[in-house]
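The values are calculated or read from the model by the stated rules, or taken from the named source; none is laboratory data. Everything numeric in this text was worked out from a predicted model, so none of it was measured. Note that each Cβ is placed from the backbone with ideal geometry, even for glycine, and that neighbours are counted across all protein chains shown. Protein only, heavy atoms only, side chains kept; ligands, DNA and RNA dropped before computing areas. Shrake-Rupley method; radii C 1.70, N 1.55, O 1.52, S 1.80 Å.
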Amino acid sequence: MAAANTTKISWRLQEFEAHSSRVSCLALGKSSGRLLATGGEDCRVNLWAVSKANCIMSLTGHKNPVECVQFNVSEDQIVTGSQSGSIRVWDMEAAKILRTLMGHKANITSLGFHPFGDFLASSSMDTNIKLWDVRRKGYVFRYTGHTQAVRSVAFSPDGKWLASASDDCTVKLWDLTQGKTITEFKSHTGPVNIVQFHPNEYLLASGSSDRTVKLWDLEKFTMIGSTEGDTTPVRCVFFSPDGGCLFSGSTDSLRVFGWEPDRCFDVVPVGWGKVSDLAVCNQQLIGVSHQLSSVSSYVVDLKRVKKSGGSVIKGIIQDNQPLTEPKDPKGAALRRNYERPTTTCSSQRVGQRSDADRRSPEGERRSPSEDEADEKVSSAEIHNAEDYKEIFQPKNAISRTPPKISEPFPAPPEDETILAIGRQLKDMMSPFPEKQQAPPLAFSTPVQRVEPTVVSSGKRPAPSVISPAPSDTPASGPPLPPPQTQPPVTTAKSKPQPKIILSNRNEPIGLNVADFLPSSPNNRSGALSDEEALSQIKKGHDTMCVMLSSRHKNLETVRAVWAREDVKSALDAAVSMNDLSIVVDILNIINLQPSLWKLDLCTTILPQIEKLLQSKYESYMQTGCTSLKLIMKHFWMLISDTLKATPSVGVDITREERHQKCRACCKQLKNLSNMVKNKAAQVGRHGSVFKELQLLMAPLDDSL
């Protein structure tokens, strides 16, 4: 097999255009590892066979961007959640919608099917978690307790517990039948992005933006491990099928961890960017990520990845140091295993709860006629009948999921010329770490790209496939004779620049990396020195160099003021320069240190936040939103209590100054609240962030 004849550990399997607008969520089928669902801002859900170029099926009916998708265990059903809070359950075999569920007031952030019964769990930015019975409309339980958006939910393998992870830095464990919290884990110092149960043992893993993965013993309810070493937030965690190790996915890397003692078995660089989901199939780990309207899939050959040994983690992972193998490689303690009952979370037990626990709040109920009308506009369009029949066979067929016994995904052939150029390009870019995330365009591994054709009726026919370039041609497109005179091929990516300038991209727009290579072929074999690389890169960028030099000089000035005086004086100096980029740089630092914030700092920052939220740069808006969240979380109660307090007798200058600052902050916050409400009506990622801010700023409506 091709996969066995290569020395590659990881490679990109495929890249394709998945939607006509930005992709917002992805999910892999965990049972097969061969099925992929994508949701987009075009309000559609598309289904794909991993490594195949054509869309199998499109699900339509959502009226708002799709924010979350998830398969059930047998991969014959899929649940989707939208930005408005609506949830739809689809039957893949019948190619129709089963149920529309309404109840959340904000974006759906995570969904999960119960391992046995007809139940599913949903979480939202409204901080609520809901358990639904798909057979009856309306939720069964609502679990409240998180103070910020819930990012991930997961059922235990025995179906009795539910784990949730939140932006409030906590992980909660819920008893499904009692509807209450069993315990709460608070050791994370940043938002928790993902939770995952061990497949057999009473063990829970959580990954956080604090760049750690923590492991929790569910018998003693204690933390038994904390793995560090990731340089970026942990986005995915996935236990190996045998439960012997834990895979951690973060930006451009995969780490393999063990516990008791904490140790890192292996670190695999993978160019998948911000990975969204992981699955294991045929001794291969599949990872998927999205950027703008495209989706990429990557493969890691687990046969070449270390899953034992490794060094003990002591603050920083030390992969090259030897470690004496523990007596029990899978954990020093013998833990209880889950029991898989035949029934769980039965409707009889649920029925014992009062009607108040089960009924939907006012405004969330819908009449049967509304539901029927809503489900009539929902449809499943089959684009590839052959693949659909192969994957979603009728219920009387033997197999209802993609075949489990299937060939591993083949690795691309090795090419020494491409590898040598890639190494030289990496050496050239090394003085600029911020550039390293952009993979070389002209020398990347050949992949299939699928460019959809969008017709006026709104339906997407089968995409056309553009063949990959031969390995000896240093160009990302097919060879065009002669390349100097032939106009570039127009694809679906050729679109006008967006109104919002994105904060990150997988590829440099309008930049040919080959232009930075020396023109002489004799220099190709040797690595460039730092001075030569700088000289090559700076050619034709005099204006940018002057701008960066000016920015560096201004930052040095602000730094000197901070060292000589305090953060308030430094921020005042940054504001006086009348350059938002300097303000953003300072805010990005103090946003990470809430202890630096004081009330007088808020009076300076709030007017700047108003400018940042109106900026055309996405990174500026993100920084402004982060600062506004921090102010609301840490200072709103102080501001509100100060303004509502009764006047004191006598003269209190300190109190008067505090009251004046609080009044100024409240006025600014009310102005910002109106702006946030307007922007929350937008669709897509930006509307999602502003909708979350709108919920956080709701107390302003009741203020004085």
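Summed over the stretch 106-128, the residues that are part of a loop (DSSP other than H, G, I, E, B) and touching a Cys at 6+ places or on another chain (Cβ under 7 Å) give a count of 2. How about the stretch 207-292: which strands (runs of 3 or more DSSP E) wholly inside it have at least 1 residues that are without any contact (Cβ under 8 Å) to a residue 12 or more places away in the chain and either surrounded by fewer than 24 Cβ atoms within 10 Å (Cβ to Cβ) or out of contact with any helix residue (DSSP H, G or I) (no Cβ under 7 Å at 6 or more places or on another chain) (or both)? Because the criterion is at least 1 residues that are without any contact (Cβ under 8 Å) to a residue 12 or more places away in the chain and either surrounded by fewer than 24 Cβ atoms within 10 Å (Cβ to Cβ) or out of contact with any helix residue (DSSP H, G or I) (no Cβ under 7 Å at 6 or more places or on another chain) (or both), the strands (runs of 3 or more DSSP E) in the stretch 207-292 that meet it are 222-227. Is the stretch 612-632 home to any residue that is exposed (fewer than 13 other Cβ atoms within 10 Å of the Cβ) and either in a helix (DSSP H, G or I) or among the acidic types (D, E) (or both)? No; the residues of the stretch 612-632 include none that is exposed (fewer than 13 other Cβ atoms within 10 Å of the Cβ) and either in a helix (DSSP H, G or I) or among the acidic types (D, E) (or both).
The set of residues in the stretch 160-174 that are closer than 15 Å to S187 by Cα and aliphatic (A, V, I, L, M) comprises A165, V171, L173. Contact annotation: residue pairs with Cβ atoms under 7 Å, 6 or more positions apart or on different chains, pairing a residue in the stretch 631-648 that is within 19 Å of D168 (Cβ to Cβ) with a partner that is open to solvent by less than 20 Å² (accessible area, probe 1.4 Å) and outside any helix (DSSP H, G or I), are M632/M697; H634/W597.
Just one of the numbered conditions (1) in contact (Cβ under 8 Å) with a residue 24 or more places away in the chain; (2) open to solvent by 20 Å² or more (accessible area, probe 1.4 Å) is not true of M544: (1). Assess whether S187 counts as being under 18 Å from the mean Cα position of the chain (by Cα) and among the small types (G, A, S). The answer is no for S187. Provide a single number: the residues in the stretch 169-206 that are surrounded by 17 or more Cβ atoms within 10 Å (Cβ to Cβ) and assigned to a strand (DSSP E or B). Qualifying residue count for the region: 16. The one condition from (1) modelled with pLDDT under 80; (2) among the charged types (D, E, K, R); (3) within 22 Å of Q608 (Cβ to Cβ) that R685 does not meet is (3). Put simply, of T109, T144 the only residue that is closer than 16 Å to P191 by Cβ and either hydroxyl-bearing (S, T, Y) or touching a Pro at 6+ places or on another chain (Cβ under 6 Å) (or both) is T109. Scanning the stretch 26-48 for residues that are open to solvent by 10 Å² or more (accessible area, probe 1.4 Å) and not in a loop (DSSP other than H, G, I, E, B) turns up just one, L26. With respect to the stated conditions, V689 fails to be open to solvent by less than 70 Å² (accessible area, probe 1.4 Å), among the hydrophobic types (A, V, I, L, M, F, W, C) and in contact with a Phe, Trp or Tyr (Cβ under 6 Å, 6 or more places away or on another chain). Pairs, please: C-beta under 7 Å, at least 6 apart or cross-chain, first residue without any contact (Cβ under 8 Å) to a residue 24 or more places away in the chain and in the stretch 554-568, second surrounded by 15 or more Cβ atoms within 10 Å (Cβ to Cβ) and assigned to a helix (DSSP H, G or I)? Matching pairs, first to second residue: T557/A573; V561/A570; V561/A573; W562/A570. Checked across the stretch 54-76, the condition of being open to solvent by less than 10 Å² (accessible area, probe 1.4 Å), within 25 Å of V268 (Cα to Cα) and aliphatic (A, V, I, L, M) holds for no residue.
Each residue in the stretch 141-160 was checked for being buried (at least 20 other Cβ atoms within 10 Å of the Cβ) and free of Cβ contacts under 8 Å to residues at least 40 places away in the same chain, and 2 of them qualify.
For K667, the stated conditions hold: it is open to solvent by 10 Å² or more (accessible area, probe 1.4 Å), part of a helix (DSSP H, G or I), free of Cβ contacts under 8 Å to residues at least 40 places away in the same chain and closer than 17 Å to Q608 by Cα. If only residues of the stretch 634-656 that are modelled with pLDDT under 85 and either under 34 Å from the mean Cα position of the chain (by Cα) or not in a helix (DSSP H, G or I) (or both) are counted, the one that is nearest to I609 (Cα to Cα) is A645.
Suppose we keep only residues that are of a type outside the set (V, I, T) and free of Cβ contacts under 8 Å to residues at least 24 places away in the same chain within the stretch 589-611. Which one would you say is surrounded by the fewest Cβ atoms within 10 Å (Cβ to Cβ)? Going through the qualifying residues, I end up with S595.
Screening S640 against (1) under 22 Å from N674 (Cβ atoms); (2) exposed (fewer than 15 other Cβ atoms within 10 Å of the Cβ); (3) not β-branched (V, I, T) leaves a single unmet condition, (2).
Test V140 against the criterion of being out of contact with any helix residue (DSSP H, G or I) (no Cβ under 8 Å at 6 or more places or on another chain) and not hydroxyl-bearing (S, T, Y), and give yes or no. Criteria not met by V140.
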